[in-house]
Amino acid sequence: MMLPYLFIAPSPKGGKGVYTSKNIKSGTTIEISPVLIFMKEEAKLIEQTKLYNYVFEWGNNKKKRALGLGYISMYNHHYNANCIYEMDFVENTMSIITIKAIKKGEELFINYNATPDDTKPLWFNAK
């Protein structure tokens, strides 16, 4: 499930991002999408490719990786995110939920640290 007014467009942060063509209220589930799961051995291979920038740690022990289908892997990071993501390890899905009201034309962001107010440096900036 993905709301029909979400779209992909160039982002000032670089690359592309997810935007809305309609105002969205806080607390709205805007996307629920399946993910492709990669086991620990496969994850090591993925980390050597461009997919490394699009996968999420997956599972209770975070040893697996997941590639979100739909727009899941296209949401950009922001420390002041306007959305959160939730992982369902049983159904192998991820959901994106707004935590702030979002205006038409705004980019939707998640915090890659998984918690909206977590300001720890990101793994790719800590290298």
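Quick notes on this structure:
- Relative to the Cα centre, the charge distribution of the chain, modelled as +1 at Lys and Arg Cβ and -1 at Asp and Glu Cβ, gives a dipole magnitude of about 300 debye.
- From the coordinates of this entry, Rg and Dmax of the Cα atoms in Å is computed, and it appears in (i) 14.7, 49; (ii) 15.2, 52; (iii) 14.3, 42 under the label (iii).
- Neighbour net charge for Glu57 - beta-carbon separation under 10 angstrom, K R +1, D E -1: +4
Every number here is computed from the coordinates shown, using simple stated rules; none is lab data. Everything quoted here is computed from the prediction, not taken from an experiment. Using ideal geometry, Cβ is built from the backbone for each residue, glycine included, and neighbour counts are taken over all protein chains shown.
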